[in-house]
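The values are calculated or read from the model by the stated rules, or taken from the named source; none is laboratory data. A quick note: this is a predicted structure, and the numbers were derived from the prediction, not measured. Ideal geometry is used to build each Cβ from the backbone, glycine not excepted, and the neighbour counts take in all protein chains shown.
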Amino acid sequence: MNSIVKSVDGINKIVKIALMITLIVMTIIMVMQVFSRFVFNLPLHWSEELTRYLGIYAVFFGAALAVRYNELIAVEVVPDLLKPTGKKVLKVIGLIISIIFFGILLVQGWNLVSHVSVQKSPALQISMSIPYFSIPLGAFLLIINAVAAITVAIKGDVKE
């Protein structure tokens, strides 16, 4: 197996665990919120904000994994009309365009993190750089997974 793909798949094991933990924690917090609000009539003011921030991280983690394993939704009309070589070329072109977009997202996200570092979130009173850090982190994960997907598409013999 290609070393790039192997390295990205190693990182993706950690991303899968982080995604799983994020979704479990979100579920627990929302159940606690519902229970606290309707049983004790004491809403947890921080629960919605924390769940929102965790959800943003979960979206980026899931999107990175979806890019790697070719699980994003797509309109397959044009690729279905092409021969296998044309499909491969079209896929690689699409991934290269995606990497350019993810690179812009990474740079702009990093700039945004530095600008919001002095702001505090309303309920949790944490630095807003923590939730906004999901943007450059997610963009980085998307880039490395797109590179792995290109490697797999070009080689064609690497198992996904």
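Quick rundown of the values:
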quantity: Candidates 21, 29, 17, 11 - the one that is within 22 Å of residue 134 (Cβ to Cβ) and in contact (Cβ under 8 Å) with a residue 60 or more places away in the chain; calculated: 11
quantity: Residue in the range 67-79 that is under 20 Å from residue 132 (Cα atoms) and among the small types (Gly, Ala, Ser) present; calculated: no
quantity: Verdict on residue 37 being under 14 Å from the mean Cα position of the chain (by Cα) and either at pLDDT 95 or above or basic (Lys, Arg) (or both); calculated: no
quantity: Which numbered condition residue 111 misses (of (1) over 19 Å from the mean Cα position of the chain (by Cα); (2) more than 21 Å from residue 62 (Cα to Cα)); calculated: (1)
quantity: Within the range 81-118, tally of residues that are among the charged types (D, E, K, R) and under 16 Å from residue 132 (Cβ atoms); calculated: 0
quantity: Residues of the range 99-150 satisfying the condition of being in contact (Cβ under 8 Å) with a residue 40 or more places away in the chain, buried (at least 16 other Cβ atoms within 10 Å of the Cβ) and of a type outside the set (A, V, I, L, M); calculated: 102, 121, 131, 134, 138, 145
quantity: Among the residues listed as 39, 15, 25, 77, the single one being crowded, with 16+ Cβ neighbours inside 10 Å and of a type in the set (Val, Ile, Thr); calculated: 15
quantity: Residue in the range 65-77 that is touching a Ser or Thr at 6+ places or on another chain (Cβ under 9 Å) and at pLDDT 95 or above present; calculated: yes
quantity: So residue 6, is it surrounded by fewer than 16 Cβ atoms within 10 Å (Cβ to Cβ), among the basic types (Lys, Arg) and touching a residue at least 40 places away in the same chain (Cβ under 8 Å); calculated: no
quantity: Hits in the range 28-63 (condition: aromatic (Phe, Trp, Tyr) and not in a helix (DSSP H, G or I)); calculated: 40, 46
